[in-house]
Amino acid sequence: MQKGLSRQKGNRLLKREYKTSQEEVDALKISWVKSSIVYGLILLIIGLTVILVFKVLNVGNIQAFLDAKNLVKDYGLVGIFFATIIAGTILPLGSPALVVAAASFGLNPALLALTAAAGFTIGMTVNYFLAYRLGRPYIVRKMKAEELEATTLLWNRRGWILYVFFGAIPILPVEFLALICGLLRANIRTFLVLSFTPRFMVFMLLAYFGEALGSWIGFI
């Protein structure tokens, strides 16, 4: 009898684990997640192509690129700050690509990462408070109702772990999760910390990669 109960309990646990893993897979099947991944991969392919072209053509010594380098050094941090604020909302400006490009022209990687993370966090906070104040009617204008329900279900099961995961992967649309946080009135302090920290780490890695890339191409 006890063996039978133990077997039933074990089966229930296995089913629960399978269901949980299936839900994690389903997170990538939500249309706004899939479209963001596709968009990110397309940008990656374009970026790699442009990098190879720049290297082959040795564009680092062309006057236009020297002028662009001086412009980035003078105004790059301000531009990155405002661009990442916009990117922190739901406008797909490609903030990771901007950070790599700016670093490749010689901006200080640490300062660049700090500026980009601060701007992105401000943009995310705008999303949070728009959803907080305007509620579900505002969000369903940004995503379909069924997508909102699926995302909310994932949030209820995974919470901040899901948020950090999306924040740490550049091509995943963490901006949409900021709307969910605002709708559900998640703790604002936790939201700010977990919006800034993963993106700062990502931007730091990308900035140093951009610096190395700029040196390889001949921009720096």
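Bear in mind these aren't lab numbers, they're just calculated from the coordinates by the rules spelled out. Nothing here was measured: the structure is a model prediction, and the numbers come from that model. Because the Cβ atoms are built from the backbone with ideal geometry, glycine has one as well, and the counts that use them run over all protein chains shown.
The alpha carbons of region 32-145 stretch over 52, 28, 21 Å along the principal axes, in descending order. Taking the inverse of the mean reciprocal distance over all distinct Cα pairs, the Kirkwood hydrodynamic radius of region 23-217 comes to 17.4 Å. Apply 1/(1 + (r/R0)^6) to the Cβ-Cβ distance of Leu134 and Thr190, taking R0 = 22 Å, and write down the FRET efficiency to the nearest 0.05. For Leu134 and Thr190, the calculated efficiency is 0.55.
Here the residues Ile45, Ile37, ranked from fewest to most Cβ neighbours within 10 Å of their Cβ, fall in the order Ile45, Ile37.
Sort Ile42, Ile51 so that the residue with the fewest other Cβ atoms within 10 Å of its own Cβ comes first and the one with the most comes last.
Least crowded to most crowded, the residues run Ile42, Ile51.
Placing unit charges on each Cβ (+1 for Lys and Arg, -1 for Asp and Glu) gives region 23-217 a dipole about its Cα centre, and among Ala131, Leu57, Phe82 the Cα reaching farthest toward its positive end belongs to Ala131.
If R0 equals 35 Å, the separation of the Cβ atoms of Ile169 and Ile62 corresponds to a calculated FRET efficiency of about 0.50.
What's the Cα-based Rg to Rh of region 120-199, Rh via Kirkwood?
Numbers: Rg = 11.3 Å, Rh = 12.3 Å.
Radius of gyration over Kirkwood radius for region 120-199 works out to 0.92.
The slack in the chain from Met201 to Asp74, taken as 0.36 nm per residue of separation less the alpha-carbon distance, amounts to 43.3 nm. Projecting label points 7 angstrom from Cα along Cα→Cβ for Phe82 and Tyr39 puts them 2.2 nm apart.
Stick to the Cα atoms of region 73-112, pair each with every other, and give me the Kirkwood hydrodynamic radius in Å at one decimal.
Values: mean 1/r = 0.0982 Å⁻¹.
Over region 73-112, the inverse of the mean reciprocal pair distance is 10.2 Å.
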